[in-house]
Amino acid sequence: MPLSDLNGMHPLAIVAFGISLAIIFVATRSGYLNGKASSPAASASTAQVAAVIVDPTALNRASSSVDSLTSTLVRLIEVAEDMQRSQAHMATELDRIREEMRIQREIFRRSNS
(Lines give C-alpha, C1' and ligand atoms only; values in the text may rest on other atoms or scores of the structure.)
Protein backbone atom coordinates (compact mmCIF):
# COMPACT_ATOMS: atom_id res chain seq x y z
CA MET A 1 0.00 0.00 0.00
CA PRO A 2 1.53 3.34 -1.00
CA LEU A 3 1.89 6.00 1.69
CA SER A 4 -0.51 8.39 -0.05
CA ASP A 5 -3.36 5.84 0.23
CA LEU A 6 -4.21 6.05 3.94
CA ASN A 7 -7.99 5.84 3.37
CA GLY A 8 -7.98 2.04 3.57
CA MET A 9 -6.25 1.96 6.97
CA HIS A 10 -8.05 1.59 10.24
CA PRO A 11 -8.36 4.97 12.08
CA LEU A 12 -6.50 3.64 15.14
CA ALA A 13 -3.61 2.53 12.90
CA ILE A 14 -3.46 6.01 11.35
CA VAL A 15 -3.29 7.60 14.83
CA ALA A 16 -0.58 5.14 15.93
CA PHE A 17 1.39 5.87 12.75
CA GLY A 18 1.13 9.63 13.38
CA ILE A 19 2.22 9.27 17.00
CA SER A 20 5.19 7.13 15.94
CA LEU A 21 6.28 9.74 13.41
CA ALA A 22 5.91 12.49 16.01
CA ILE A 23 8.02 10.57 18.55
CA ILE A 24 10.72 9.96 15.98
CA PHE A 25 10.72 13.63 14.97
CA VAL A 26 10.86 14.89 18.59
CA ALA A 27 13.64 12.46 19.55
CA THR A 28 15.69 13.41 16.51
CA ARG A 29 15.17 17.13 17.06
CA SER A 30 16.01 17.01 20.79
CA GLY A 31 19.10 14.92 20.10
CA TYR A 32 20.25 17.42 17.53
CA LEU A 33 19.68 20.35 19.91
CA ASN A 34 21.45 18.59 22.79
CA GLY A 35 24.39 17.78 20.55
CA LYS A 36 24.61 21.37 19.42
CA ALA A 37 24.47 22.62 23.04
CA SER A 38 27.33 20.35 24.10
CA SER A 39 29.63 21.21 21.23
CA PRO A 40 33.19 22.29 22.12
CA ALA A 41 32.43 25.87 21.15
CA ALA A 42 29.69 26.07 23.79
CA SER A 43 31.61 24.44 26.65
CA ALA A 44 33.45 26.35 29.38
CA SER A 45 36.63 24.31 29.04
CA THR A 46 37.28 25.51 25.50
CA ALA A 47 39.33 28.43 26.80
CA GLN A 48 41.51 26.10 28.87
CA VAL A 49 42.13 23.83 25.90
CA ALA A 50 42.97 26.82 23.75
CA ALA A 51 45.39 28.08 26.41
CA VAL A 52 47.22 24.75 26.41
CA ILE A 53 47.43 24.78 22.64
CA VAL A 54 48.71 28.37 22.54
CA ASP A 55 51.02 28.06 25.59
CA PRO A 56 52.94 24.74 25.38
CA THR A 57 54.77 25.17 28.71
CA ALA A 58 52.14 23.17 30.57
CA LEU A 59 52.40 20.44 27.96
CA ASN A 60 56.20 20.46 28.25
CA ARG A 61 56.00 20.22 32.05
CA ALA A 62 53.55 17.34 31.79
CA SER A 63 55.85 15.58 29.31
CA SER A 64 58.85 15.94 31.61
CA SER A 65 56.77 14.65 34.52
CA VAL A 66 55.77 11.62 32.48
CA ASP A 67 59.41 11.03 31.54
CA SER A 68 60.56 11.16 35.17
CA LEU A 69 57.70 8.88 36.20
CA THR A 70 58.70 6.42 33.49
CA SER A 71 62.32 6.36 34.63
CA THR A 72 61.20 5.92 38.25
CA LEU A 73 58.97 3.01 37.28
CA VAL A 74 61.79 1.40 35.28
CA ARG A 75 64.05 1.66 38.33
CA LEU A 76 61.29 0.23 40.53
CA ILE A 77 60.96 -2.74 38.20
CA GLU A 78 64.73 -3.31 38.34
CA VAL A 79 64.65 -3.22 42.16
CA ALA A 80 61.71 -5.65 42.21
CA GLU A 81 63.57 -8.04 39.91
CA ASP A 82 66.67 -7.84 42.16
CA MET A 83 64.52 -8.59 45.20
CA GLN A 84 62.94 -11.55 43.42
CA ARG A 85 66.36 -12.97 42.58
CA SER A 86 67.60 -12.53 46.15
CA GLN A 87 64.44 -14.13 47.57
CA ALA A 88 64.85 -17.08 45.21
CA HIS A 89 68.46 -17.46 46.42
CA MET A 90 67.31 -17.27 50.07
CA ALA A 91 64.67 -19.92 49.41
CA THR A 92 67.29 -22.23 47.90
CA GLU A 93 69.59 -21.74 50.89
CA LEU A 94 66.75 -22.35 53.35
CA ASP A 95 65.91 -25.57 51.52
CA ARG A 96 69.52 -26.68 51.89
CA ILE A 97 69.54 -25.82 55.60
CA ARG A 98 66.26 -27.68 56.10
CA GLU A 99 67.67 -30.72 54.32
CA GLU A 100 70.84 -30.62 56.44
CA MET A 101 68.76 -30.40 59.62
CA ARG A 102 66.67 -33.36 58.49
CA ILE A 103 69.84 -35.36 57.85
CA GLN A 104 71.24 -34.35 61.27
CA ARG A 105 68.00 -35.43 62.99
CA GLU A 106 68.08 -38.73 61.16
CA ILE A 107 71.72 -39.32 62.15
CA PHE A 108 70.94 -38.39 65.76
CA ARG A 109 67.90 -40.66 65.81
CA ARG A 110 69.86 -43.63 64.40
CA SER A 111 72.79 -43.10 66.74
CA ASN A 112 70.47 -43.14 69.79
CA SER A 113 68.64 -46.24 68.65
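The values are calculated or read from the model by the stated rules, or taken from the named source; none is laboratory data. None of the values given here were measured: they were computed from a predicted structure. Please note: Cβ atoms are built from the backbone with ideal geometry, for glycine as well, and neighbour counts cover all protein chains shown. We work out accessible area using only protein heavy atoms, side chains counted, and drop any ligands, DNA or RNA first. Shrake-Rupley method; radii C 1.70, N 1.55, O 1.52, S 1.80 Å.
Restricting attention to segment 99-113, and to residues there that are among the basic types (Lys, Arg) and surrounded by fewer than 10 Cβ atoms within 10 Å (Cβ to Cβ), which single residue is farthest from the chain's Cα centre (by Cα)?
Among residues in segment 99-113 that are among the basic types (Lys, Arg) and surrounded by fewer than 10 Cβ atoms within 10 Å (Cβ to Cβ), the one farthest from the chain's Cα centre (by Cα) is Arg110.
Looking at segment 29-63, which of its residues are open to solvent by 90 Å² or more (accessible area, probe 1.4 Å) and at pLDDT 80 or above?
Arg29, Asn60, Arg61
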